[in-house]
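The structure appears below as structure tokens.
Throughout, read-outs are computed from the coordinates displayed, never taken from laboratory work. Quick caveat: nothing in here was measured; it's all calculated off a predicted structure. Here Cβ is always computed from backbone atoms with ideal geometry, including for glycine, and neighbour counts include all displayed protein chains.
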Amino acid sequence: MPTPASPFKLGTRGSPLALVQANMVRAALMAAHGWDDGAIEIVTVKTTGDLVQDRALSELGGKALWTKELDRALDDRSIDFAVHSMKDVETVRPEAIAIAAMLPRADVRDRLIGADSIAALPQGARIGTSSPRRGAQLLRARPDLEIVLFRGNVDTRLGKLARGEAEATLLAAAGLERLERPDIGTPIPIETMLPAPSQGAVGIECLAERGDVHALIAAIDHAPTSHCVRAERALLERLGADCRAPVAALAIFDGEAIRLRAEIIAMDGSLSESGEIRIAPGDHAPVTALAETLLDRAAPPLRALFAG
């Protein structure tokens, strides 16, 4: 395909990881269409989530803090498409915006920085995280731990750890690998900490009405990743889960079917419900049923965390 006369504009947040992921998308599109270096221009957009780092997302309006400025840039055509870490994208998106593609998913595990394992953490250790899911899973395993708020990019969090603001923190293995820092921390087995829905996945969005742009982006869609992440997002949607509700989920291909594991957890780790199903790709009815089963089985204090 000929290189476009004027470059497409790819919108992204400005963090080091976001820029790496934007360049991954740019390289994939250029390779898929045979474009030269001038075909795609990366445009950085400041988001509220990047600017305000001293409060939890739940106090600031949730995951839309990562997307609303990029959504606005799509709407006013200052960018043609946007790249996101899919776990940062709110479950219910505006109808005008379409998830056009996802890159192949990376390592979904969390990495523990500051100790060799959860069991090796000192008694009463402070763990820095802004994730309700990580905090709840840690407290379920170690009720003696103290969860303290850590927000910011990788270097910001590592800097807080180095200054002694906590004894340990958790970071996504996928992000560390993309930043070429795969040796930081110890990977936590999925059996110990089921990851966040969509963890490790990078998605590209555009305006739904721009069919030409959608078709160009769809050329780099990794179908297995898309099927699995969309199943995880369907679970979140039926649960009515927002950024305050601890949810873990992972869908993986098992032969021609998808195996989906999920759990909901109380903030203090004292209550949880889990389940597992096999589904055909794209069949989200059983996913909805699994979410309803988890909510039906949940004790009232756990169920109250969800709007589903």
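Some observations on this one:
- 5 angstrom amide H check on I97, placed H, neighbours 5+ away: A208
- Long-range HN-HN contacts of G152 with modeled amide H, under 5 Å: none
- The value of relative contact order for segment 110-187, using C-alpha pairs under 8 Å at least six residues apart, is 47 percent.
- Annotation: extensible slack from D155 through D268 equals 37.9 nm (criterion: 0.36 nm per residue apart, minus Cα-Cα distance).
- Distance from the C-alpha centroid of segment 24-41 to that of segment 129-144: 41 Å, rounded to the whole angstrom.
- Answer label for Cα Rg over 2.2 N^0.38 Å (calculated), chosen among (i) 0.95; (ii) 1.12; (iii) 1.00: (iii)
- In sequence order, segment 189-199 has phi-based couplings of x, 4, 5, 8, 9, 5, x, 5, x, 6, 4 Hz under the Karplus curve 6.51 cos²θ - 1.76 cosθ + 1.60, θ = phi - 60°, and Gly or Pro positions carry x.
- Segment 232-308 and segment 193-211 have Cα centres separated by 18 Å.
- Helical mean residue ellipticity (222 nm; -39500 (n - 2.57) per DSSP H run of 4+; nearest 500) of the chain: -10000 deg cm²/dmol
- Long-range amide H partners of V202 with built H, under 5 Å: M86, L103
- Size of electric dipole in segment 110-187: Cβ of Lys, Arg +1 and of Asp, Glu -1, about Cα centre, debye, nearest 20: 260
- Charge dipole (the chain, unit charges on Cβ, about Cα centre) - positive-most of L216, S78, P197: P197
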